[in-house]
Amino acid sequence: MADLYTTASFPLVPWSNRIGSGGFTHLGVTHPMRPNRVGEPYPIHGDGWLQPWAIRQPRLDTLEMALESKCFEGAPYHYRALQRFVLREDGMDQLLEVTHLGEGSLPYGLGQHPAFLRTPNARLHAAVQGVWLSGADPMPTAHTSDFPPSWDPRQGMGVSGSLIDNAYTGWSGESHIDWPEHGLRLHMRDPAVVARGKNDGFCLLYRPPQGVHFCFEPVTHPIDAFHAEGQPGLQVLSTGQTLRQQVEWRFELLG
């Protein structure tokens, strides 16, 4: 099977990034979770990215993808998911939603995992307030507002350098990437986070030390939120309840 990590983007559903401790406990019930990618010691990015989706095109400018997942490879989640992509003159609107179909309730999260071209002069700009540091695994170990060198995207940061595989907190819901070599800027906006006006969003940056790409991921919760105090960003859904994430992408010419 082809490595699905080589795709340009994939949805993170019914949760984002890694879950530690072999699973999680909800309402007194422990739900084991197995690793789902070769080389990863923890389950990562849910299971929607591992399954085939049904595709339809309701309009010329719109593509929809649908999935019903029932306890995929032993996971506790039974859900229905929808992706919708709507082309605009200068970009795209993207929707990801998940509806809990199982009995009782479970905590859910969402995210997008887009890969971007890494050029020598590319810069990432994002209004954030802090970052989770991690160990070698990499799982979060401490939160700080003192950014390590070359880790601060508030005034723009390079997308080449040492490894970053970490979650940022206090995101405003807006960011942009500049490619001066191509005269392009890409704006990314999560309207729900922006509308709250609290700078309480989450995003992840994956900056590998080598390669032609990097990933900047809008997500609804930080890494291993299942084991963090208060389970930040996770939403407990009962049967029939839905969680949604929208992302707006817009291109702008530089200069």
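Could you pull out the residue among Pro107, Pro35 that is open to solvent by 30 Å² or more (accessible area, probe 1.4 Å) and either part of a loop (DSSP other than H, G, I, E, B) or not hydroxyl-bearing (Ser, Thr, Tyr) (or both)?
Checking each option against the conditions leaves just Pro35.
Hey, can you tell me all the residues within the range 51-66 that are part of a loop (DSSP other than H, G, I, E, B) and open to solvent by less than 50 Å² (accessible area, probe 1.4 Å)?
Narrowing the range 51-66 to residues part of a loop (DSSP other than H, G, I, E, B): 51-53, 60-61.
Within the range 51-66, Gln51, Trp53 meet the criteria.
Quick one: what pairs do we get from the range 177-195, first residue more than 21 Å from Glu89 (Cβ to Cβ), second among the aromatic types (Phe, Trp, Tyr) and surrounded by 20 or more Cβ atoms within 10 Å (Cβ to Cβ), C-beta under 7 Å, 6+ apart or different chains?
Matching pairs, first to second residue: Val193/Trp171.
Exactly one of these conditions fails for Arg84: (1) of a type in the set (D, E, K, R); (2) part of a strand (DSSP E or B); (3) over 30 Å from Leu184 (Cβ atoms). Give me its number.
With (1) of a type in the set (D, E, K, R); (2) part of a strand (DSSP E or B); (3) over 30 Å from Leu184 (Cβ atoms) applied to Arg84, the lone miss is (3).
If Met92 meets every condition in (1) under 30 Å from Glu181 (Cα atoms); (2) open to solvent by less than 10 Å² (accessible area, probe 1.4 Å) apart from one, which number is that one?
Only one criterion is unmet by Met92, namely (2).
Could you name every one of the strands (runs of 3 or more DSSP E) located completely within the range 171-255 that has at least 3 residues being farther than 20 Å from Gly156 by Cβ and open to solvent by less than 50 Å² (accessible area, probe 1.4 Å)? I'd like the intermediate steps shown before the answer.
Working: elements: 174-179, 184-189, 201-207, 213-219, 235-238, 242-253.
By residue number, 242-253.
Check Ser150 against each of (1) open to solvent by less than 20 Å² (accessible area, probe 1.4 Å); (2) farther than 30 Å from His26 by Cα; (3) part of a loop (DSSP other than H, G, I, E, B) and name the one condition it does not meet.
So the condition that Ser150 fails would be (1).
The values are calculated or read from the model by the stated rules, or taken from the named source; none is laboratory data. What you see is a predicted model, and the numbers here were worked out from it, not measured in a lab. Backbone-built Cβ (ideal geometry, glycine too); neighbour counts: all protein chains shown. When the accessible area is computed, the model is the full protein with side chains, heavy atoms only, and any ligands, DNA or RNA have been set aside. Shrake-Rupley method; radii C 1.70, N 1.55, O 1.52, S 1.80 Å.
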